[in-house]
Amino acid sequence: QVISARTARQMTAMLHDVVTEGTGTAAAVTGYDVAGKTGTSQIPYSGRAGYQPGAYNATFVGFAPAEDPQLTAIVVIQRPTPVFYGGTISAPVFSQIMAYALRQLQIPPPAPRNLGPDVPAIDASAAAAGSDNGPATHPLPVTTAPAHPSASSLPRSTAPPPKH
């Protein structure tokens, strides 16, 4: 075991926050809790010190469902222009890929659960608003993905459920 269960829960909660209120909101998948991290990096010169002017990699890496990870993916887009931020360029691509994969593999959203006392609970104002996303102690409320025009064009699965 590389890290403790407590540390894993805390990291998951922080990575979930990236998608719910941070730089990765465009990575959300409707009906699922997603956890992940955006990245924007300069591209170094090959064979010498320094970075290429205006050359960037935009990334998003994440997993879903956050409470019980079944899939993980990374999207790396090299030299996007004119915008080059991972949260703007790669996160929406991640959302579309993850939504498609979850549907294709027929992975249902897990039932909400409390990950433990060391993980922050949702704020009281959200619970008071009458959320139907599970108990107020659940640290990872179900999120709603931003509208992506091409998301509706993704093929829907007609495959029978997998046999276990």
- Task: Return yes when GLY31 is of a type outside the set (Ser, Thr, Tyr), open to solvent by less than 40 Å² (accessible area, probe 1.4 Å) and touching a strand residue (DSSP E or B) at 6+ places or on another chain (Cβ under 9 Å) and no when it is not.
- Result: no
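So, of the residues in region 76-107 that are of a type outside the set (Phe, Trp, Tyr) and either in contact with a Phe, Trp or Tyr (Cβ under 6 Å, 6 or more places away or on another chain) or modelled with pLDDT under 95 (or both), which turns out to be surrounded by the fewest Cβ atoms within 10 Å (Cβ to Cβ)? Give the derivation first.
Of the residues in region 76-107, the ones of a type outside the set (Phe, Trp, Tyr) are 76-83, 86-93, 95-99, 101-107.
Those still in the list that are either in contact with a Phe, Trp or Tyr (Cβ under 6 Å, 6 or more places away or on another chain) or modelled with pLDDT under 95 (or both) too: 81-83, 86, 90-91.
Details: THR81: 9, PRO82: 5, VAL83: 11, GLY86: 28, SER90: 29, ALA91: 28.
Looking at residues that are of a type outside the set (Phe, Trp, Tyr) and either in contact with a Phe, Trp or Tyr (Cβ under 6 Å, 6 or more places away or on another chain) or modelled with pLDDT under 95 (or both), I get PRO82.
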- Query: Of (1) under 16 Å from GLY87 (Cβ atoms); (2) among the hydrophobic types (A, V, I, L, M, F, W, C); (3) open to solvent by less than 50 Å² (accessible area, probe 1.4 Å), VAL61 satisfies all except one. Which?
  - Reply: (3)
- Just wondering, is there one or more residues in region 41-55 that are open to solvent by less than 70 Å² (accessible area, probe 1.4 Å) and modelled with pLDDT under 95? yes
- Inspect region 111-126 for any residue being at pLDDT 75 or above and either within 17 Å of the chain's Cα centre (by Cα) or in a loop (DSSP other than H, G, I, E, B) (or both) and give the result as yes or no. no
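Whether any residue in region 8-31 is assigned to a strand (DSSP E or B) and touching a residue at least 60 places away in the same chain (Cβ under 8 Å) is what I want to check. Please lay out each step first, then the result.
The initial filter retains those residues of region 8-31 that are assigned to a strand (DSSP E or B), namely 29.
Now restrict to residues that are touching a residue at least 60 places away in the same chain (Cβ under 8 Å): 29.
Within region 8-31, one or more residues are assigned to a strand (DSSP E or B) and touching a residue at least 60 places away in the same chain (Cβ under 8 Å).
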- Message: Give all pairs with beta carbons closer than 6 Å in which a residue from region 87-108 that is farther than 11 Å from TYR32 by Cα and in a helix (DSSP H, G or I) meets a residue that is open to solvent by 70 Å² or more (accessible area, probe 1.4 Å) and polar (S, T, N, Q); count only pairs at least 6 apart in sequence or on separate chains.
- Response: GLY87/THR23
- Residue in region 135-148 that is at pLDDT 50 or above and open to solvent by 40 Å² or more (accessible area, probe 1.4 Å) present: no
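The values are calculated or read from the model by the stated rules, or taken from the named source; none is laboratory data. Keep in mind the model is a prediction, meaning the values are calculated, not measured. As a convention, Cβ positions derive from the backbone with ideal geometry for all residues, glycine included, and neighbour counts pool all protein chains shown. To get the accessible areas, we keep the full protein, side chains included, count just its heavy atoms, and leave off ligands, DNA and RNA. Shrake-Rupley method; radii C 1.70, N 1.55, O 1.52, S 1.80 Å.
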